[in-house]
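Asker: Right, I'll just put the structure down here and ask away after.
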Amino acid sequence: GDNLLYFFVSPLSATAARDLSDMPLQQLHNSQDKESTLNCSEHNCILNNACIDHSAIKGRFVIRIIGNASHVQEIKTRAENATLKAYRESATFLFEGLQKNVTFAIAMNSTAAVINRAVSKNCGHDLGDEAWPVFRLMQLFSEPNPRLDDLYFLSRPPRYCDPVLEPIANRLIVQQAATETKCYARLYFGTRGISYMLDYGTWKHRITTLEADMRAFRSLYYRYANISSDSTLDTIVVMEKRQGKHMSNIGNRHEIVDFLKNTYLGYKVELVSWSDYSITEQVQLMSRTRVMLSLPGSDVMNAIFLSDEGALLMFCRVVGAKNGKLHFDESNEMKHWFRHLSYMQASTEPCNSSAVSYNLTSDWGDTIVDLESLKERLSALGLSNRNVSDLQTKSNHESSLVPQNILTSLSDAMEQSRRYLIEGSPHPCTVRRRNGDACVFQDISISLPIQKPLFYKLGEKTMVNPSIAFPQKDCIVYAMGIDNDSAFEQQMTQFCKHVHAFDCTVDLNSTSVVYQNFTFHQICIGSKTDIDDVEFYGHNQRSLTFEPLSTVMKELGHTQIDILKLDIEGSEYELFETEILSKNIPLPRQLLFELHTERADPRYVPPNTVRGKNRTEVNDLFLRLYDIGYRIVGMEINSGDGSCADFGMVLVDQ
């Protein structure tokens, strides 16, 4: 994964491409209007107006740069520096540079082992080491169309697993199959910085966009495999490895399959080897899988296609023994991918757990899983003998998002939380933060402690899982206050067809709102009179637009909000009073909000919006919300300022 160089390209218009291809080479180099340009980030580059020649250097692709000699040399040097810097730790990468017998050309060649390995029908490596990095490269450069025209690979023949790349590119071109020279308006190449094996500490962009990109990657393959958004999760998958270098398995997998079939009668149980499935069939199977059981390795890569309610249970793989001590593989896939995704239920059984034992027959051994411990882990995920559709909720606007049987079972917790709001919590305040007063929230407790898969966390926001609550995506989201971070709004577009964001302080050309899938409105919800200061987040209030929530709903033609998210720095109190507690609008089905109190940092929260908002006022607000039908499903006190906390509430009874 670390030792690859990828190319993907977007063609010029037919006329422009023909002009370049038909132009004599010397005339091409002197063509100022089509001169090549190069822009590079830390690990990746965009080369504008360039050609790929497959035959000029035997066995290698050549990138032809357009311009005079000095211009070409300057681009060549910068491209060399960018790629060599990224590959300084790789002995297998060869950058040939300018060839003496080829005018104005750069030749690049990769000899990474993953490119030249033996043919295998297990395509997990191709998924993680080729498809995913190329897709990340596309996301990095914000390609509006997620499907490429041409995708080039260097120094490798066609392979059995090439269909893994079909959702990404119309055409795959490898050196042995190339037959023509083509010119492109944009030629992108990425290097080590895109690899899924990259250490998380070295690339900030990867961390901040991983979850959104992973969802987009999954959606791309779902569309390719014609998977609907309301697939029923009716399958438990147990992985089996039949070929490959590392022949480790769950040693008692056949016993586990029989146990699961006899215990979880509502589910299909399948023993799966990916060599039996096409890429389309693999994606389809994962989309309806409730739980996947697997050892580490390439087999588990397909867990990327699990739905939000799907779960991955992994068990350690023994990779050898030395001096009587076993050595284990605890999964790079979990380390670099799955444990960073808030929407996925992914966990690994500790290697020294009593729930597993090992049968070492060679350098690689099998893992034996204890059945009773497995049953406990499955129960913690919410699996039982009940029908798999029990957690599906009706998507009409007259039903609660939480099934009645769950509400009934948690009635005592709900009553206790209300009692604490009135009488105070009997427990001492133990929450401490470096700044602020977290004890202002001492009497607030989670009144509806729902579990996964119904429970869903997106960053600091907790809610009823929208993919269960709204399987047809027929939901409306209003998000107020985004500043320069629209990650929540972007990710909600994966669940709901109608996502609207509101913020009068954000410029229309801001990267947080431009070219996003949600609808942005440059207005603030509320009124100017609730803020005394003329300045509002660096803006003069007179230049900003404020509108009441009820007016905005009427203008947009909406009679119901399914999810209302508020991050409006103290102005939430005024909105609660004028719109929700007064029932001036139909009550939103879920409320996600950050609540700010009187000791909040004045650098971020206007003091007059939170004046007097102490423990008593906070308790009163939540008591009133409780009495109109809202229950708390999640709360998280701000790590930087204890006087602020995020809450998720669901409407259970109007």
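Asker: Points 7 angstrom from Cα along the Cβ direction at Ala212 and Leu581: gap in nanometres?
Answerer: Those two pseudo-labels are separated by 3.5 nm.
Asker: Quick one: length gained pulling Asn226 to Val431 fully straight, 0.36 nm per residue minus the C-alpha distance?
Answerer: Roughly 69.0 nm would be gained on extension.
Asker: Starting from the 7 Å offset along Cα-to-Cβ, what nm value, one decimal, do you get for the label separation of Asp234 and Gln472?
Answerer: Each label point is offset 7 Å from its Cα along the Cβ direction, giving 2.0 nm.
Asker: Using a Förster radius of 41 Å, what is the FRET efficiency between Asn405 and Lys261 based on their Cβ-Cβ separation? Nearest 0.05, please.
Answerer: Efficiency for this residue pair is about 0.95.
Asker: List, in the order given, every pair from Lys457/Lys565; Lys268/Lys375; Lys268/Lys473; Lys461/Lys565; Lys375/Lys452 whose Cα-Cα distance in the structure shown is over 18 Å.
Answerer: Cα-Cα > 18 Å for Lys268/Lys473; rest within.
Asker: Give the value in nm², to one decimal: projected area of the alpha carbon convex hull of segment 437-501, averaged over all directions.
Answerer: In nm², the orientation-averaged hull projection of segment 437-501 is 5.7.
Asker: Extension gain Leu623-Lys268, at 0.36 nm per residue separation less the Cα-Cα distance, in nm?
Answerer: 123.3 nm
Asker: Using amide H atoms built in the peptide plane, which far-off residues or other-chain residues are under 5 Å from Tyr456 H to H?
Answerer: For Tyr456, the qualifying residues are Met463, Asn465.
Asker: Separate question: Kindly report, to the nearest 10 Å², the accessible surface of Cys644 as traced by a 1.4 Å probe over protein heavy atoms only.
Answerer: Solvent-accessible area, nearest 10 Å²: 10 Å².
Asker: Step through the residues of segment 416-426 one at a time and calculate ³J(HN,Hα) from phi using the Karplus curve (6.51 cos²θ - 1.76 cosθ + 1.60, θ = phi - 60°), rounding each to whole Hz and writing x for Gly and Pro.
Answerer: For segment 416-426, the Karplus-derived couplings read 5, 5, 5, 5, 4, 5, 8, 9, x, 6, x Hz, x marking Gly and Pro.
Asker: Assuming R0 = 51 Å, what is the FRET efficiency of Glu636 and Ser275, from their Cβ-Cβ distance, to the nearest 0.05?
Answerer: That gives a FRET efficiency of 0.70.
Asker: Can you list the residues, at least 5 places off or on another chain, whose amide H is less than 5 Å from the amide H of Gln345, using H built in the peptide plane?
Answerer: Amide H to amide H, under 5 Å and 5 or more residues apart or across chains, Gln345 pairs with Leu312.
Asker: Now a separate question. With θ set to phi - 60°, apply the Karplus curve 6.51 cos²θ - 1.76 cosθ + 1.60 along segment 487-499 and write out the HN-Hα couplings as whole Hz, x wherever there is a Gly or Pro.
Answerer: With coefficients 6.51, -1.76 and 1.60, one gets 4, 4, 4, 4, 6, 5, 5, 6, 10, 10, 6, 10, 10 Hz.
The values are calculated or read from the model by the stated rules, or taken from the named source; none is laboratory data. Just so you know, these numbers come straight off a predicted model, no measurement behind them. Counting neighbours? That spans all protein chains shown, and the Cβs are built from the backbone with ideal geometry, glycine included. Please note that ligands, DNA and RNA were not included when accessible areas were found on the heavy atoms of the full protein model with its side chains. Shrake-Rupley method; radii C 1.70, N 1.55, O 1.52, S 1.80 Å.
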